[in-house]
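This report refers to the structure that appears directly beneath it.
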There are 2 protein chains.
Amino acid sequence: KEGREWDVIDAVRVPVVRLKFGEVAESSKVVILPVCRAEEKDKEVLEAPWECSSEGEFGVVVAEKGWKRWVVLPGWEPVVGLGKGAVVVSFSDARVLPWKVNKWYKEEPILVVADRSKKEVAADDGFYLAAVEGGGLGFKVVRGSALKETGVKESLGTVVMIVRPPRDDTDDQLSEEDWE
Amino acid sequence: KEGREWDVIDAVRVPVVRLKFGEVAESSKVVILPVCRAEEKDKEVLEAPWECSSEGEFGVVVAEKGWKRWVVLPGWEPVVGLGKGAVVVSFSDARVLPWKVNKWYKEEPILVVADRSKKEVAADDGFYLAAVEGGGLGFKVVRGSALKETGVKESLGTVVMIVRPPRDDTDDQLSEEDWE
């Protein structure tokens, strides 16, 4: 926010944001979310705590159950608005995304922020976390239209945001990208 | 840091810091720590995950076991330096502290950051988390000299920092305080 460049994919607007060094910083609010590893397939996404509330004057986060992996993100609009069911999935690279991107897609890990309370494959141009049968990836980010074509009506959750890791050279980040 | 006012108690230097609104912000690093409620007495302090490491480019925190309560703190020097055994204990007010402070001590919750890997009551002027027999408070922050007088050689952990909640009026915070 505040003059930040956002790459917005598609009409449903899934923001793709590169985290800046020290950015868990810029906004006056931060968000702690449970993290699931994509390599655990849907196991962790189904198990991760569903509800996390903020308690008291220090904003202590209280999850409905214990969890090992957590990440702090800046209070970005799409993230702050999430309620129950918010989760982050960490992927080792961006090949799970349904669009082609120049260069970076094999080289960078990404975080996918998803809302598990919205499982219905509602919008053709929405993006969803969907299981990959027999695949090594566990699941990927799939377009609503693609899921509907194969008769899938329920996903693991709606994707609300994609986060890229911080980099030293951020100048060329916009020109370097080549969205499909 | 960076021109910040620190109230330092005693020669052992336990910093007492009031968190500013939006401060989990100012430094380029934040720290996620497990939180224990003082009302659970020593139970949670003994159970809370001992080791939390940071993983990958997004700084995902990985605890050795699941835990429900977490807090994000700015990357303050005494906190960043902590390794295994770091824990935060939330107290509903500051009456657990071994010194008298004007006004605020009954009105404000505090967080005590402690290092469970340093249990030995080493310094007379150090501060330690110690159990209170039969008390409603569970435990309190006790001076090393006081523990030694009663023959206690091992504490639950050494106190490294005390955090006060953010307040709207921060101008008078220094004059308002009256350290013993």
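The values are calculated or read from the model by the stated rules, or taken from the named source; none is laboratory data. Computed from a predicted structure; not experimentally measured. Because the Cβ atoms are built from the backbone with ideal geometry, glycine has one as well, and the counts that use them run over all protein chains shown.
Summary of values
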| quantity | calculated |
| --- | --- |
| Residue, surrounded by the fewest Cβ atoms within 10 Å (Cβ to Cβ), within the stretch A:11-28, restricted to residues that are modelled with pLDDT under 60 and touching a Lys or Arg at 6+ places or on another chain (Cβ under 8 Å) | A:26 |
| Residue within the stretch B:118-133 that is aromatic (Phe, Trp, Tyr), part of a strand (DSSP E or B), surrounded by 19 or more Cβ atoms within 10 Å (Cβ to Cβ) and within 11 Å of the chain's Cα centre (by Cα) present | yes |
| Test set (1) surrounded by 15 or more Cβ atoms within 10 Å (Cβ to Cβ); (2) within 14 Å of chain B (Cβ to nearest Cβ); (3) not β-branched (Val, Ile, Thr) - residue A:54 fails condition number | (1) |
| From the options A:31, A:8, residue that is touching a helix residue (DSSP H, G or I) at 6+ places or on another chain (Cβ under 9 Å) and either more than 7 Å from chain B (Cβ to nearest Cβ) or at pLDDT 90 or above (or both) | A:31 |
| Qualifying residue in the stretch A:118-130 (condition: under 21 Å from residue A:20 (Cα atoms) and modelled with pLDDT of 90 or more) | no |
